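Sharing a structure here in structure tokens format.
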Amino acid sequence: MQQSLALWLASTIAATSACTLPTAPALSNNITEGFSLQVQNASNPDIHNHFLNIWDWGGGDQHLFVSPAGNSTNELQLIDGVITLSSAFWDPPRRAVINGEYEPLDNTTKMFMTERGDPRAIWDVVYGCNPDTDEVQVQLAFKSRDTELGGRMGVRPFNGNYDFRWKGPGTSVNDPNRPWTGVTLAVVYNRTLS
Ligand SMILES: *[C@@H]1O[C@H](CO)[C@@H](O)[C@H](O)[C@H]1NC(C)=O
Ligand SMILES: *[C@@H]1O[C@H](CO)[C@@H](O)[C@H](O)[C@H]1NC(C)=O
Ligand SMILES: *[C@@H]1O[C@H](CO)[C@@H](O)[C@H](O)[C@H]1NC(C)=O
Ligand SMILES: *[C@@H]1O[C@H](CO)[C@@H](O)[C@H](O)[C@H]1NC(C)=O
Ligand SMILES: *[C@@H]1O[C@H](CO)[C@@H](O)[C@H](O)[C@H]1NC(C)=O
């Protein structure tokens, strides 16, 4: 009885507590140390705690998939709020853009990485709480597609994998056959790639 009450209390606290977000140091929209991006949404176990992977799509482009599809990377940087495979490792640099494969059924557009000048995905860097451990984490908060403010980043089934899709602000539609899941992207340093 006592033990089950304690367990119940512990799980209730774990489910409802939220870590205290630091107010300092201020977070820069430039992150020069290479990182990986962890995909988080505990309501979708297919993708929760997986990583953003890159897939050589030809023509210099790297398309983005939820792991295990594609190649793991810990070489991402953030430059002026743009996820970049920078000239530190990549020549020419590839930047994450939102363009192409527009889908009217759910009003989403694909995010991928290219050396070309498509409209970039721009992020702020914020503190958040890890949904599993309640530890403070640094995460990306979607800001704009080029100059179009707002919308959200999510993932959607694609040929047995999941790709990354931006949903425009004010979107009222969803595709029940290919449900889109909004995600948090957490910055993870020094991840060992298998
Ligand atoms: C971010 O990096 C870019 C490119 O090196 C630089 O032009 C910009 O001034 C930097 N911004 C900040 C806030 O440090
Ligand atoms: C993974 O990286 C290797 C080495 O660069 C490359 O040969 C291969 O095509 C990449 N695979 C994918 C799916 O991008
Ligand atoms: C799709 O997104 C745009 C913003 O990018 C918005 O103006 C439009 O209303 C959305 N369309 C639907 C059908 O939700
Ligand atoms: C996670 O997915 C659920 C169900 O689709 C959604 O209600 C929630 O807003 C998502 N969380 C984030 C952080 O987008
Ligand atoms: C990652 O590892 C390097 C080398 O050990 C270390 O200098 C750096 O501080 C680490 N980064 C973080 C964010 O822990």
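The values are calculated or read from the model by the stated rules, or taken from the named source; none is laboratory data. Quick caveat: nothing in here was measured; it's all calculated off a predicted structure. Backbone-built Cβ (ideal geometry, glycine too); neighbour counts: all protein chains shown. Keep in mind that these areas ignore ligands, DNA and RNA; they rest on the heavy atoms of the full protein, side chains included. Shrake-Rupley method; radii C 1.70, N 1.55, O 1.52, S 1.80 Å.
Amide H neighbours of His48 under 5 Å, counting only residues 5+ apart in sequence or on other chains, H built in-plane at 1.01 Å?
Those qualifying (amide H under 5 Å, at least 5 residues apart or on another chain) are Asn41.
Once the other residues with Cβ under 14 Å from the Cβ of Glu103 are scored (Lys, Arg +1; Asp, Glu -1), what is the net sum?
+1
Pop out the carbon and sulfur fraction of the accessible area of the chain as a percent, whole number, probe 1.4 Å.
Numbers: 5230 of 10060 Å².
Percent of accessible area from carbon and sulfur atoms in the chain: 52.
Within the range 37-73, what residues put their amide N at less than 11 Å from the label point 7 Å along the Cα-to-Cβ vector of Asp132?
Those under the cut-off are 39-42, 48-51.
Give the calculated FRET efficiency between Val188 and Tyr102 to the nearest 0.05, with a Förster radius of 45 Å applied to their Cβ-Cβ distance.
Numbers: r = 30 Å, r/R0 = 0.67.
The computed FRET efficiency comes out at 0.90.
Over the chain, what relative contact order in percent results from Cα pairs under 8 Å that are six or more residues apart?
It comes to 22 percent, rounded to a whole number.
So what is the diffusion coefficient of the chain in µm² per second by Stokes-Einstein at 10 °C and 1.306 mPa s, using a Kirkwood Rh over Cα pairs?
On the way: Rh = 17.7 Å.
Rounded, D is 90 µm²/s.
Could you work out how far helix 2-16 tilts from the main Cα principal axis of the chain, as a 0 to 90 degree angle to the nearest 10?
Taking Cα atoms only, the helix is inclined about 30 degrees.
Let me ask another. Is the shape of the range 55-130 rounded, prolate or oblate, going by the alpha carbon gyration tensor and its root eigenvalues a ≥ b ≥ c, with a/c under 1.5 for rounded and a/b larger than b/c for prolate?
Note, shape of the range 55-130 comes out rounded.
Can you give me the C-alpha center-to-center distance between the range 176-194 and the range 30-99, rounded to a whole angstrom?
After rounding, the separation between the Cα centres reads 10 Å.
Quick check: residue separation of Ser87 and Ser43 times 0.36 nm, minus the Cα distance between them. What number comes out in nm?
12.2 nm
Could I ask something else about it? How many Å² of accessible area per residue for the range 52-194, probe 1.4 Å?
Details: 6600 Å² over 143 residues.
Each residue of the range 52-194 exposes 46 Å² on average to a 1.4 Å probe.
What does the convex hull of the Cα atoms of the range 13-76 come to per residue, in Å³, rounded to a whole number?
So the per-residue Cα hull volume is 122 Å³.
With a ≥ b ≥ c the root eigenvalues of the C-alpha gyration tensor of the range 87-158, is it rounded (a/c under 1.5), prolate (a/b larger than b/c) or oblate? Numbers along the way, then the final one.
Numbers: a/c = 1.88, a/b = 1.24, b/c = 1.52.
Verdict is oblate for the range 87-158.
Ignoring everything except DSSP H segments at least 4 long, calculate the 222 nm mean residue ellipticity for the chain; use -39,500 (n - 2.57) per segment, divide by total residues, nearest 500.
-2500 deg cm²/dmol
Using each residue's phi in the range 81-86, evaluate 6.51 cos²θ - 1.76 cosθ + 1.60 at θ = phi - 60° and report the 3J(HN,Hα) Karplus result to the nearest Hz, with x for Gly and Pro.
x, 10, 5, 9, 9, 7
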